[in-house]
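Student: My questions all concern the structure below.
The values are calculated or read from the model by the stated rules, or taken from the named source; none is laboratory data. On a predicted model such as this, the values are computed, not experimentally measured, just so you know. For neighbour counting, all protein chains shown are included, and Cβ atoms are generated from backbone atoms with ideal geometry for every residue, glycine included. Note: areas computed on protein heavy atoms with side chains; ligands, DNA, RNA excluded. Shrake-Rupley method; radii C 1.70, N 1.55, O 1.52, S 1.80 Å.
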Amino acid sequence: MAGFPARGAADLPGFGQANNVVLLPDPASFRVLPWRPSTGWLRAQAWFADGRPVPFDSRRLLQRALQRLAARGYGLRCGLEVEFHIYRIVDDGAQTDPRCAAWPGEPPAVRMIHPGYQLLSEAWLDQADAALRIVRQTAQGLGLPLSSLEAEMGPSQVEAVFDVTDALTAADNMVLFRNAVRMALREAGYHATFMCRPPFAQIMSSGWHLHQSLVDLATGANAMCRAAPAPDCTPSDARSVLSDAGAHYLAGLLAHARGMAVFCTPTANGYGRFRPHALAPQSVQWGRDNRGAMLRVIGGCGDAATRIENRIGEPAANPYLYLAAQIEAGLDGLERGLMPPPATEDPYGSTATPLPTSLGEALDALDQDTALTERLGHDWVAYIRQIKGLEWQRYTAAEDREAFERREYFSRL
């Protein structure tokens with residue numbers, strides 16, 4: 001297949017003149033698509049025609065991070081909590097009329113599947129049942145570990161929760177889930193979007209909450225769990241709940257929160273989610289069962305399900321980059337023996353370091369995080385800086401930013 005890089009990528013190795021790349025499928029990943037029973041699906045990774053691996057394959061970046069983690073005796077297990085929006089298509093003329101063809105094109109005209117603002121209402125769930133049934137049947141038909149599916153708080157917003165798996169499987173599952181449900185729902189007359197903030201006045205932002213725990217590879221035990229609080233700890237001390245390794249990992253996530261933001265929230269649209277009292281983070285801090293904090297520590301001493309929930313992600317994020325950034329940040333905390341500050345009780349009233357408020361600020365924060373850049377690789381960071389920098393330039397130059405977001409994100413993500 002031919003690879004066509006974004007404008008300005010000519011200086012990236014292997015992408016100078018739309019060079020050919022080859023996708024090598026993994027036979028073990030084969031699945032039959034539930035809504036297309038005569039069509040199979042395989043996961044593939046990219047190689048250059050001469051047999052060299054494509055260096056900017058994000059799945060390889062995650063594999064490398066997991067190898068580094070394994071060298072220290074740990075694995076990573078992840079659970080996914082994904083919010084997104086589903087709309088019924090009223091008219092898709094703008095997408096199918098050749099006179100309207102453009103890149104990116106206009107999305108279809110839509111209406112809501114439920115009015116929202118009545119959390120977990122059975123009445124709203126009943127209205128959304130037809131669409132949710134398609135999501136459930138698609139996920140289960142593909143063998144994905146779907147745990148729950150519900151109507152979320154915002155208008156036409158839903159949430160899918162997946163059981164814990166190893167990190168690479170979790171990332172693979174997220175890629176397959178997003179693509180599959182969009183296609184299956186489209187076949188039935190629905191438009192699903194993993195855009196954080198759809199282009200309508202009264203919406204709730206969608207987040208992707210990533211639950212993660214270290215695993216001791218020698219024993220298979222949760223390496224973040226501890227039997228009893230560390231001596232002289234207060235309840236606000238991370239070591240009252242987390243093992244020393246867990247506390248170091250937590251501190252690494254905090255230390256690199258601003259630098260890794262672009263991997264967790266990679267669109268210009270997603271930064272509108274970081275606002276007060278929206279059950280979304282605004283600052284670099286952690287808390288116990290505190291949904292306003294960026295990092296939420298869940299569990300307790302002796303609880304094998306003890307874990308860290310990162311609430312900074314948006315559902316449009318590249319899963320491999322999101323998880324790789326977590327691992328490299330957490331590893332830095334482990335290797336340097338970092339310790340986190342006390343837990344927050346007031347996430348919107350504290351004076352903690354703020355998260356980036358725009359994609360441009362997030363790119364600048366990545367530039368300033370030399371340790372994370374070193375761990376991820378200078379070539380990888382330059383690549384992300386190039387691709388997302390061009391997106392930020394197009395966004396800031398757009399005469400109509402709402403139209404830009406409608407075409408760039410609502411149509412495609």
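Student: Under 12 Å from the Cβ of E159, count the other residues' Cβ atoms, weight Lys and Arg +1, Asp and Glu -1, and hand me the total.
Tutor: On the way: positive: none; negative: E81, E83, E150, E152.
That sum, taken over residues with Cβ under 12 Å, equals -4.
Student: Once amide H atoms are placed 1.01 Å from N in the peptide plane, what residues at a sequence separation of 5 or more from H114, or on another chain, have their amide H within under 5 Å of its amide H?
Tutor: Sorted by chain and number, the residues that satisfy this are S156.
Student: In nm, what is the difference between 0.36 nm times the number of residues separating E122 and A304 and their Cα-Cα distance? Mind dumping the intermediate values first?
Tutor: On the way: separation 182, 0.36 × 182 = 65.52 nm, distance 3.22 nm.
The E122-A304 span can extend by a further 62.3 nm.
Student: Follow-up. Accessible area of Y409, 1.4 Å probe, to the nearest 10 Å²?
Tutor: The accessible area comes out at roughly 10 Å².
Student: Another one. With only Lys, Arg, Asp and Glu charged, each at its Cβ (+1 for the first two, -1 for the last two), find how big the charge dipole of the chain is about the Cα centre; round to the nearest 20 debye.
Tutor: Numbers: 39 positive and 45 negative charges, 132 e Å.
Here the chain has a charge dipole of around 640 debye.
Student: What order do R311, R186, R99, R43 take when sorted by accessible area (1.4 Å probe), most exposed first? Display every interim value, and only then the final one.
Tutor: On the way: R311 10, R186 85, R99 210, R43 45 Å².
Descending order: R99, R186, R43, R311.
Student: Here's a follow-up. Specify the residue with the greatest mean-square fluctuation among G337, G79, G143, computed from a Gaussian network of the chain linking alpha-carbon atoms under 10 Å apart.
Tutor: Answer for the Gaussian network model of the chain: G143.
Student: Could you do me a favour and compute the accessible area per residue for the chain, 1.4 Å probe, result in Å²?
Tutor: Values: 17690 Å² over 413 residues.
Dividing the accessible area of the chain by its residue count gives 43 Å².
Student: Still on this structure, I have one more. With every protein chain kept in the model, how would you rank M294, M204, M339 by accessible area, 1.4 Å probe, largest at the top? Please list the in-between numbers first.
Tutor: Values: M294 0, M204 50, M339 90 Å².
From most accessible down to least: M339, M204, M294.
Student: Take S213, S147, S236 and sort them by solvent-accessible surface of the protein heavy atoms, 1.4 Å probe, largest at the top. Provide the component values of the computation, followed by the final result.
Tutor: On the way: S213 15, S147 70, S236 40 Å².
From most accessible down to least: S147, S236, S213.
Student: Roughly what percent of Cα-Cα pairs across the stretch 132-268 reach past 27 Å? Could the numbers behind the result be given before it?
Tutor: Numbers: 3599 of 9316 pairs.
Everything past 27 Å amounts to 39 percent.
Student: 5 Å is the cut-off here: which amide hydrogens, built 1.01 Å from N in the peptide plane, fall below it relative to V22, excluding neighbours closer than 5 in sequence?
Tutor: Under 5 Å from the amide H of V22 lie the amide H atoms of W47, F48, A49, each far enough along the sequence or on another chain.
Student: For the chain, which whole percent of the accessible surface, found with a 1.4 angstrom probe, sits on carbon and sulfur atoms? It would help to have the intermediate numbers written out before the result.
Tutor: Values: 9120 of 17690 Å².
Solvent-exposed carbon and sulfur of the chain make up 52 percent of the total.
Student: A further question follows. Which value in deg cm²/dmol, rounded to the nearest 500, describes the helix-derived mean residue ellipticity at 222 nm for the chain, given -39,500 (n - 2.57) per DSSP H run of n ≥ 4 and division by the residue count?
Tutor: Values: 12 runs with 134 residues, N = 413.
About -10000 deg cm²/dmol.
Student: Give me the net charge for the shell around G73: Cβ to Cβ below 14 angstrom, other residues only, Lys and Arg +1, Asp and Glu -1.
Tutor: Summing Lys/Arg as +1 and Asp/Glu as -1 gives -1.
Student: Relative contact order for the chain: what percent, with Cα pairs under 8 Å and sequence separation of 6 or more?
Tutor: Working: 822 pairs, mean separation 71.0, N = 413.
Computed over the chain, the figure is 17 percent.
Student: Using a 1.4 Å probe on the protein heavy atoms only, what accessible surface does H248 show? Give it in Å² to the nearest 10.
Tutor: We get 40 Å² for H248.
Student: Taking R0 as 41 Å, what FRET efficiency do you get between A201 and R31 from their Cβ-Cβ distance, rounded to the nearest 0.05?
Tutor: Here the calculated transfer efficiency is 0.55.
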